[in-house]
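Peer 1: Right, I'll just put the structure down here and ask away after.
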Amino acid sequence: MRKLTYFIACSIDGFIGDPSGDANAMMKFVDDEFRDYLMTEYPETISVEGRRILGLDGPSRRFDTVIQGRSSYQLALDISITSPYGHMREYVASRTLTESPDPNVEMISDDLLGRVRELKAEDGELDIWLCGGSQIAGELLDEIDELIIKTYPMTYGSGMPMFGSDARVTEFSLDSVRAFGNGTLVRTYSRVR
């Protein structure tokens with residue numbers, strides 16, 4: 001059984017973006033030390049364009065499949081990128097965008113939970129990355145096996161929470177914490193079942 005991992009960036013007050021969903025303020029914390037860490041440990045989470053710029057061409061280490069929400073995917077569409085993670089299998093959960101603009105991107109317009117359970121049941125050594133989407137993270141909370149939270153030393157005060165609709169009390173255990181010189185923390189949690 002493959003794991004569903006919610007690998008997400010957030011502020012110290014638990015928001016993955018400002019009230020409009022914009023998370024660009026967090027990018028200033030991606031310095032050389034942190035970029036090297038991401039390139040080494042999670043190279044597949046860097047977009048196709050980022051991989052090209054950074055000269056990354058190696059295989060995936062953790063994930064071979066990515067699921068993202070419509071708003072997260074729209075950020076790529078807005079700059080004319082239809083397959084931001086073309087080096088993996090890409091799924092977009094959307095009730096409004098029903099036809100995929102790219103052959104590598106499969107739209108999930110209904111039964112997101114069922115589709116995620118199918119993906120988790122597939123054979124394979126690599127896991128599934130839940131890339132973003134407060135709403136789908138809330139909807140998929142029962143299926144999330146692992147949280148990897150990149151916490152940047154800033155606050156938004158309000159905005160898009162890590163878990164949107166349907167979120168409820170759920171217990172995870174802390175596996176590890178890694179601190180970086182810029183104040184960023186990467187915390188890894190496992191689901192308590």
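Quick note: the coordinates plus some simple rules give every number you see, no bench work behind them. What you see is a predicted model; the values in this text were computed from it and never measured. Here Cβ is always computed from backbone atoms with ideal geometry, including for glycine, and neighbour counts include all displayed protein chains.
Peer 1: Tell me, which strands (runs of 3 or more DSSP E) wholly within the range 103-193 include 2 or more residues that are more than 22 Å from residue 71 (Cα to Cα)? Walk me through how you get there before you give the answer.
Peer 2: Working: elements: 105-108, 127-132, 146-152, 172-179, 185-191.
Filter on the range 103-193 gives 172-179, 185-191.
Peer 1: Give all pairs with beta carbons closer than 8 Å in which a residue from the range 143-169 that is under 13 Å from residue 184 (Cα atoms) meets a residue that is exposed (fewer than 13 other Cβ atoms within 10 Å of the Cβ) and not aliphatic (A, V, I, L, M); count only pairs at least 6 apart in sequence or on separate chains.
Peer 2: That search, which allows pairs on different chains as well, returns 152/183; 153/183.
Peer 1: Of all residues being surrounded by 20 or more Cβ atoms within 10 Å (Cβ to Cβ) and at positive phi in the range 133-171, which is nearest to the chain's Cα centre (by Cα)? Just the residue, please.
Peer 2: Checking each candidate, the answer is 133.
Peer 1: If you go through the range 181-193 one residue at a time, how many are closer than 15 Å to residue 148 by Cα and surrounded by 12 or more Cβ atoms within 10 Å (Cβ to Cβ)?
Peer 2: Number satisfying all stated conditions: 8.
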